[in-house]
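Worksheet: one structure, shown below.
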Amino acid sequence: METSTPSDSSLSRRRMLTVALGGAAAAVVLPAPAWAVDDKRPGAVGKPALTTTDRMVANRVSAERALAHLKVLSEDIGPRIGGTASERAAAHYIARELEKLGYDVELQPFAVADKFTGQLASPGLPSDICWQVGASAHAALDTTVTGDVIDVGAGADADYPADAAGKIVLIDYVAGRREQHVATAIAHGAAAVIFLPVDREEPRRAPTFNPTLPGSAANPVAIPVLGVAQAQKQRLRALLAAGRLTLTVSTEAHRNLTSYNVIAETSKNKKLAGKNPVVMVTAHYDTVIGAQGANDDGSGTVLCLELARVLREVPTDATFRFALWGSEEQGLIGSRYYVRNLPQAERDRIVAVYQNDMIATSWDPATRYWLLSFDGASNAATDGVTEAARRLGYEPRISPVTQRGSSDHQSFQEVGIASANFSWRGEESPAILEPPYHTPEDTIAKNISLERLQVSLEMIGCAAYATAGKR
């Protein structure tokens, strides 16, 4: 297998991303992909052999344009938690952008479970990662406290200093002792508890979490209880080791929630409405708690927006349908709702669903572009990308069709609709994901490659148009 090295022409993070990090916001330079339409792409085996329809896509798609959308979603809106105001803001942004392009746009609502979030704030917190955290549903919610931070490690009674009252305490999380640890913190007068996760084995890093306190479900404890990510834990301990640290901790309960799918369709073929074939390009736009979701799945979302711009007026009798799913991170809720409510006649019109999930990571080892099918068999979507990769000179960089669900393609394949998930992951297995996956480090600066985004745009765009067919 071909792997990435600093000296080769493959998709290396060191060539794609220059970052200057400090206590202030990151200064980021994301070089634009520099190849012409007939040039050999980075990591390809040769020059492309493009069709007329390929050229109509490859000449027009722009990772830089997509990046402008990504900055709005990942940096201006930030974490987009299913059913909350942040996800709704993202849905309305996506819908407006698609309407500007002339699409018929529908917001499809569906109910989702309550969410519980926290936020850490302090002038000393570095701004290069997200500081949203998980909050316990069995502790104080919709509240804010400020206090000096102390680290009590294992959280035993003897670990507390005499002046713990009013302090925000850091405690190493042990699932079987969490309620005892909270009770001890309250007995010492703590203002809040921040649980620190066990470090995962690299390249994995622990995400934020919502600590459960089953014994307090009927009678929540009186102080906030939060669960931070591994990256946040490391920063907090480093800051505390350097001197006094004062934090403001806030919690919020998000209840009676509605999430939305954003569905957009080309409208120029109204005379064929309900009859012509449909090619879908899709992604989920929500995130997990504590992640800005630059790659997961802001990258797939902005790929859809950019391809919607490029494919809106190409000559074809097929209908392009772009779908951005809400609440994927809670169990494919949005895409399953959509499929469940799709009449069989409409299901039968769909030729292929190109689902894009994490298609722009800058992590060096993510050198393989994976074709993931829920049943492990090839279909129109995997065939479309395989053929597009061959025409672009990328065939050796894509995986064989590999069995894997856990993204929205599964919702379609469960009812017999051709679909697949596409993403950049490690060479050996689709389970090898970048360290920022589902963490506060999933930011543009730390986890986005414009070159990989451009290649993904070309492969999915060329595949989708070839599937639709030129008129």
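The values are calculated or read from the model by the stated rules, or taken from the named source; none is laboratory data. Bear in mind that the values here come from a model prediction, so they are computed numbers and not experimental data. Cβ coordinates were reconstructed from backbone atoms using ideal geometry, including for glycine residues, and neighbour counts include every protein chain displayed. We work out accessible area using only protein heavy atoms, side chains counted, and drop any ligands, DNA or RNA first. Shrake-Rupley method; radii C 1.70, N 1.55, O 1.52, S 1.80 Å.
Just to be sure I understand the curve: with the Debye formula and one point per C-alpha of region 355-471, what is log10 I(q)/I(0) at q = 0.11, 0.15, 0.18 Å⁻¹?
Result of the Debye calculation: -0.34, -0.63, -0.90.
Return the sequence-ordered ³J(HN,Hα) values of region 211-222 in whole Hz as given by the Karplus equation 6.51 cos²θ - 1.76 cosθ + 1.60 applied to θ = phi - 60°, using x for Gly and Pro.
Per-residue couplings from phi come out as x, 9, 10, x, x, 10, 4, 7, 9, x, 5, 8 Hz.
Taking only complete DSSP H runs, can you tell me which helices of the chain stretch 24 Å or more along their own long axis by Cα positions and average at least -1.0 on the Kyte-Doolittle scale? Each step should come with its number before you reach the end.
Working: long enough: 450-468 (26 Å, 0.71).
Helices meeting the span and hydropathy rule in the chain are 450-468.
Please get the size of the charge dipole for region 186-317, origin at its Cα centre, with Cβ charges of +1 on Lys and Arg and -1 on Asp and Glu, quoted in debye to the nearest 20. Write down the numbers at each step before the final one.
Working: 14 positive and 11 negative charges, 35 e Å.
Charge dipole, region 186-317, about its Cα centre: 160 debye, nearest 20.
Calculate how large, on average over all directions, the projected area of the Cα convex hull of region 70-174 is; give the answer in nm² to one decimal.
Working: hull surface 38.9 nm².
Mean orientational projected area (region 70-174, Cα hull): 9.7 nm².
Report the paramagnetic label zone for Arg244: residues of region 113-129 whose backbone N is under 19 Å from a point 7 Å from Cα along the Cα-to-Cβ axis.
Only 121-126 pass the distance filter.
With a ≥ b ≥ c taken as the square roots of the eigenvalues of the C-alpha gyration tensor of region 282-424, please select rounded if a/c is under 1.5 and otherwise prolate if a/b is larger than b/c or oblate if it is not?
Because its axes are fairly even, with a/c under 1.5, region 282-424 counts as rounded.
Which longest uninterrupted range of the chain lacks any GluC sites (Glu not before Pro) assigned by DSSP to a loop state (not H, G, I, E or B) and surrounded by at most 13 other Cβ atoms within 10 Å? Please report the intermediate quantities before stating the final value.
Numbers: sites that count: Glu2, Glu201, Glu313, Glu428.
Counting only loop sites that pass the neighbour cut-off, the longest clear stretch is 3-200.
Mind giving me the nanometre distance, one decimal, between the label points for Arg390 and Thr258, set 7 Å out from Cα along Cα→Cβ?
4.8
What FRET efficiency would be calculated for the residue pair Glu64, Ser378, taking the C-beta separation as r and a Förster radius of 45 Å, to the nearest 0.05?
Values: r = 33 Å, r/R0 = 0.73.
The formula returns an efficiency of 0.85 here.
Run down the aspartates and glutamates and flag those whose C-alpha is under 14 Å from the C-alpha of Lys100, throwing out any fewer than 8 positions away in its chain.
Of all the aspartates and glutamates, those that pass the test against Lys100 - Cα under 14 Å, at least 8 places apart if same chain - are Glu265, Glu306, Glu313.
What is the distance, in nm, between label points placed 7 Å from the Cα along the Cα-to-Cβ direction at Asp76 and at Gln180?
5.0
State the antiparallel share, in %, of DSSP beta bridges confined to region 234-364, rounding to the nearest 5. Don't jump to the answer; show the numbers that get you there.
Values: 4 of 16 bridges.
Rounded to the nearest five, the antiparallel share is 25 percent.
Based on DSSP H runs of at least 4 residues, each adding -39500 (n - 2.57), what is the mean residue ellipticity at 222 nm of the chain after dividing by all its residues, to the nearest 500 deg cm²/dmol?
On the way: 13 runs with 125 residues, N = 471.
The helix-only estimate for the chain comes to -7500 deg cm²/dmol at 222 nm.
For Lys470 paired with Arg55, estimate the spin-label separation in nm (one decimal), with each label point 7 Å from Cα along the Cα-to-Cβ line.
0.8
Would region 141-278 count as rounded, prolate or oblate if I go by the C-alpha gyration tensor, calling it rounded below 1.5 in a/c and otherwise prolate when a/b exceeds b/c, oblate otherwise?
Working: a/c = 2.87, a/b = 2.32, b/c = 1.24.
The shape class here is prolate.
Kindly report the accessible area of region 307-408 per residue (heavy atoms of protein chains, probe 1.4 Å, no ligands, DNA or RNA), in Å².
Working: 3200 Å² over 102 residues.
Per residue, region 307-408 has 31 Å² of solvent-accessible surface.
How large is log10 I(q)/I(0) at q = 0.13, 0.23 Å⁻¹ when the Debye formula is applied to the Cα atoms of region 45-105, each weighted equally and without solvent?
Relative scattering, expressed as log10 I(q)/I(0), comes to -0.53, -0.97.
Using the C-alpha atoms of region 122-194, what convex hull volume per residue, in cubic angstrom, is computed? Please report the intermediate quantities before stating the final value.
On the way: hull volume 8.1 nm³, N = 73.
With only Cα atoms used, region 122-194 gives 111 Å³ per residue.
How big is the shadow of the Cα convex hull of the chain, averaged over all directions, in nm²? Numbers along the way, then the final one.
On the way: hull surface 88.4 nm².
Mean projected area for the chain: 22.1 nm², to one decimal.
Report, in debye and to the nearest 20, how large the dipole of region 21-144 comes out about its Cα centre when Lys and Arg carry +1 and Asp and Glu carry -1 on their Cβ. Spell out each step's value before the answer.
Details: 12 positive and 14 negative charges, 80 e Å.
Rounded to the nearest 20 debye, it is 380 debye.
A 21 angstrom limit on the alpha carbon distance is what I want to check against. Which of Lys233/Lys446; Lys167/Lys446; Lys275/Lys470; Lys71/Lys233; Lys47/Lys446 exceed it? Walk me through the numbers before you get to the answer.
Numbers: Lys233/Lys446 18 Å; Lys167/Lys446 32 Å; Lys275/Lys470 17 Å; Lys71/Lys233 26 Å; Lys47/Lys446 30 Å.
In this structure, Lys167/Lys446; Lys71/Lys233; Lys47/Lys446 lie more than 21 Å apart at Cα.
Computed FRET efficiency, Cβ-Cβ of Gln344 and Asn276, R0 22 Å: what is it to the nearest 0.05? Could you put the intermediate results ahead of the total?
Working: r = 17 Å, r/R0 = 0.77.
In this case the efficiency is close to 0.85.
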